[in-house]
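Bear in mind that the values in this text are calculations on the coordinates, not laboratory data. No experiment lies behind these values; they were computed from the predicted model shown. No Cβ is skipped: glycine too gets one built from the backbone with ideal geometry, and neighbour counts run over all protein chains shown.
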Amino acid sequence: MEQGSIERDIHVDASPEVVFEVISRPEHMREWWPDDARFEPLAGAPGELVWRNDETGETTTVAFAVVEVDPPKRFSFRWCYPEPDRSGPSLLVTFELVPTGAGTRIRMTETGFREMGWEVALLEQQYQDHVSGWDHYIPALGTYVARLVSTP
């Protein structure tokens, strides 16, 4: 099985400017992905993503660092650092926005799985967890954008 990268494409009926805000601002990101996001959308800015488990009440906090902010074309960040100080290998997520008529094609790419240094079984599990996650969250992104642009 190839665990090199994950790619997802979705088309939304919103301008790249609107979509860029949705993927790069914490107040929007927490509406479709993590339960909380804390970061400044500036290249090099550190941050955190937080998920809450409603069943156990536990939270998972993941270190996050903004890599590139190029409105309204590209937003990228690194996450899943093995160390809290954001050192060591990490996964790179890039959102590329391409205008298509009145809408936008969003391409999300996540790379760096093999570079994480995980044992094969953990690599396969992490990769599948991320595949499943993006299969859920990319449609949630599309739903949120649709709701946002339909609100007067």
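Order of 118-125, 79-86 by packing, highest average Cβ count within 10 Å first?
Ranking, from highest mean packing down: 79-86, 118-125.
Would you mind giving the average projected area, over all directions, of the Cα convex hull of the range 68-110 in nm² with one decimal?
Computed as one quarter of the Cα hull surface, the answer is 3.3 nm².
Kindly provide the pair-distance distribution of the chain built from C-alpha pairs, with 5 Å bins from 0 and whole-percent values in order of increasing distance.
Taking all Cα pairs of the chain, the binned fractions are 2, 9, 17, 23, 21, 15, 8, 3, 1, 0, 0 percent.
If all Cα-Cα distances of the range 15-98 are sorted into 5 Å bins from 0 onward, what percent lands in each bin, rounded to whole numbers?
3, 15, 24, 26, 17, 10, 4, 1
With the chain treated as a Gaussian network of Cα nodes joined by springs under 10 Å, which of Arg30, Arg52, Arg74 yields the largest mean-square fluctuation?
Most flexible of the set in this elastic network: Arg52.
Ranking request for peptides 134-140, 103-109: highest mean number of other beta-carbon atoms within 10 Å first, then the rest in descending order.
With the highest mean Cβ count within 10 Å placed first, the list reads 103-109, 134-140.
Between Val67 and Ala140, with labels modelled 7 Å along Cα→Cβ, what's the label distance in nm to one decimal, could you check?
2.2 nm
Take the Cα gyration tensor of the range 75-137, multiply each eigenvalue by 5, square-root it, and list the three semi-axes largest first, rounded to whole angstrom.
27, 15, 8
Would you please give the residues with an amide H less than 5 Å from that of Ala43, counting only those at least 5 places away or on a separate chain, with H modeled from the backbone geometry?
Here the answer is Val69, since their amide H atoms fall under 5 Å of that of Ala43.
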